[in-house]
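*Asks:* Take a look at this one; I'll ask things after.
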Amino acid sequence: MKNNSIAVIGAGKWGQALHFALSQKQEAFITSRTPRDIKNFVDLKTALECEYLIIAIPAQEIRAWLKENFIFKGQKILVASKGIEASSGEFLNEIYAEFVPNKNIGFISGPSFAAEVIQGLPCALVLNSDSKKLFKKFSAFFPTFIKTYYSSDVIGAEVAGAYKNVLAIASGICEGLHLGKNAQASLIARGLVEMERFGRFFGSKKSTFLGLSGAGDLFLTANSTMSRNYRVGLGLASNKKINEILKDLGEVAEGIKTADAIYNLSIKHEIYTPIANEVKLILDGKNPKDSLKDLLKH
Ligand SMILES: NC(=O)c1ccc[n+]([C@@H]2O[C@H](COP(=O)([O-])OP(=O)(O)OC[C@H]3O[C@@H](n4cnc5c(N)ncnc54)[C@H](O)[C@@H]3O)[C@@H](O)[C@H]2O)c1
Ligand SMILES: O=P(O)(O)OC[C@H](O)CO
């Protein structure tokens, strides 16, 4: 293993933005399934020799990717994905725990559109890990335009990052139906309450939802057409089929599968998640106007 070397795995929008950010202070490598014309692009084998890895592939692909490619040799890992595995209902930290010891793993959360990070615009992120030592190590790699905070609330950050994608779809639907800013603010505020309730069941801290990982990322994503999930919501409001929306999008919108995961987990554990459930039903074909009526019922 090459000491103090760092590589990003996954050269999608977020992987490339993180690679740009990390490259400000030192040499940083990047790899992907298909070769890309990016400085310091290396093959997967070379990337996996690095001591520090940032993994930015879609949540639903992580288990298969780890099984197929990853052998633990002491690497320290920062997970950049935001989602819950739909097939199992498992959180990403549970999946990674099968391959990497907890002290070697952290999760990035907070408001961060890749399109802004890759321009060097300022932002604040949270690095969530059981290990403060790991936070300090990774934090040192980040450039001055990104402020990093530490939190040990891994599950809170994971729930917040995954849940806000579903709420961004809901908010896009609200905008697409022209329901007005009052309705949108109500939806986002109730969404925040809902995600905190869901997170609390799994042991999250309330403060996580009031900070960058929760309110910060939710307000960003649920208010902007820069969000892929929000754009999915706009498409659903105009009665487009999900396949057509995804074809136009051409990138991952984690909220789609995460809505399924939340729906199933909320039924299993009897957690009240009305907004996420309506998003899942709309994705399955329910008319968004009927969802609105159901959400407004006393
Ligand atoms: N784009 C953002 O602004 C942003 C910000 C924060 C977090 N995220 C999260 O980062 C993750 C990746 O998002 P993105 O924006 O880079 O998506 P993207 O659609 O731009 O790219 C996804 C990347 O994953 C790769 N990939 C897909 N399946 C794979 C597999 N089976 N094995 C290996 N690689 C695979 C693709 O080749 C692609 O390079 C998501 O979980 C997303 O929620 C994105
Ligand atoms: O474009 P989205 O909806 O995947 O959101 C991107 C980031 O998660 C925002 O922090």
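The values are calculated or read from the model by the stated rules, or taken from the named source; none is laboratory data. Quick caveat: nothing in here was measured; it's all calculated off a predicted structure. Backbone-built Cβ (ideal geometry, glycine too); neighbour counts: all protein chains shown. These area figures cover heavy atoms from the full protein model, side chains too; ligands, DNA and RNA do not enter into them. Shrake-Rupley method; radii C 1.70, N 1.55, O 1.52, S 1.80 Å.
*Asks:* Anything in region 225-265 that is of a type in the set (Ser, Thr, Tyr) and under 19 Å from the mean Cα position of the chain (by Cα)? List them, or say none.
*Replies:* Residues of region 225-265 that are of a type in the set (Ser, Thr, Tyr), as a first pass: 225, 227, 230, 238, 258, 263.
Answer for region 225-265, where residues must be of a type in the set (Ser, Thr, Tyr) and under 19 Å from the mean Cα position of the chain (by Cα): 225, 227, 230, 258, 263.
*Asks:* Residue 137 - would you say it is open to solvent by 20 Å² or more (accessible area, probe 1.4 Å) and either touching a residue at least 40 places away in the same chain (Cβ under 8 Å) or touching a helix residue (DSSP H, G or I) at 6+ places or on another chain (Cβ under 8 Å) (or both)?
*Replies:* In short, yes.
*Asks:* Out of (1) open to solvent by 10 Å² or more (accessible area, probe 1.4 Å); (2) within 15 Å of the chain's Cα centre (by Cα), what's the single condition that is false for residue 27?
*Replies:* (2)
*Asks:* Still on this structure, I have one more. State whether the residues of region 251-259 include one that is open to solvent by 50 Å² or more (accessible area, probe 1.4 Å), within 16 Å of ligand 1 (Cβ to nearest atom) and farther than 23 Å from residue 196 by Cα.
*Replies:* Yes, some residue in region 251-259 is open to solvent by 50 Å² or more (accessible area, probe 1.4 Å), within 16 Å of ligand 1 (Cβ to nearest atom) and farther than 23 Å from residue 196 by Cα.
*Asks:* Only one of 121, 127, 66 is within 15 Å of ligand 2 (Cβ to nearest atom), over 15 Å from residue 258 (Cβ atoms) and surrounded by 15 or more Cβ atoms within 10 Å (Cβ to Cβ); which?
*Replies:* Criteria check complete, one pass: 127.
*Asks:* For region 250-259, name all the residues that are outside any helix (DSSP H, G or I) and within 11 Å of ligand 2 (Cβ to nearest atom).
*Replies:* Within region 250-259, 251, 252, 253, 254 meet the criteria.
*Asks:* If you scan region 25-73, which residues turn out to be under 19 Å from residue 105 (Cβ atoms) and among the aromatic types (Phe, Trp, Tyr)?
*Replies:* Result: 52, 65, 70, 72.
*Asks:* Same structure again: Counting just the residues of region 32-58 that are closer than 18 Å to residue 72 by Cα and among the hydroxyl-bearing types (Ser, Thr, Tyr), which one comes out least open to solvent (accessible area, probe 1.4 Å)?
*Replies:* Of everything passing the filter in region 32-58, 52 is least open to solvent (accessible area, probe 1.4 Å).
*Asks:* Hey, another quick one. Can you tell me which residues in region 260-291 are open to solvent by 60 Å² or more (accessible area, probe 1.4 Å), assigned to a helix (DSSP H, G or I) and under 17 Å from residue 202 (Cβ atoms)?
*Replies:* 264, 267, 268, listed by residue number.
*Asks:* If we keep just the residues of region 198-249 that are among the charged types (D, E, K, R) and either touching a Cys at 6+ places or on another chain (Cβ under 9 Å) or assigned to a loop (DSSP other than H, G, I, E, B) (or both), which is most open to solvent (accessible area, probe 1.4 Å)?
*Replies:* For region 198-249, the residue satisfying everything is 241.
*Asks:* Of the conditions (1) open to solvent by less than 10 Å² (accessible area, probe 1.4 Å); (2) without any contact (Cβ under 8 Å) to a residue 24 or more places away in the chain, residue 169 clears all except one; give me its number.
*Replies:* Status for residue 169: all satisfied but (2).
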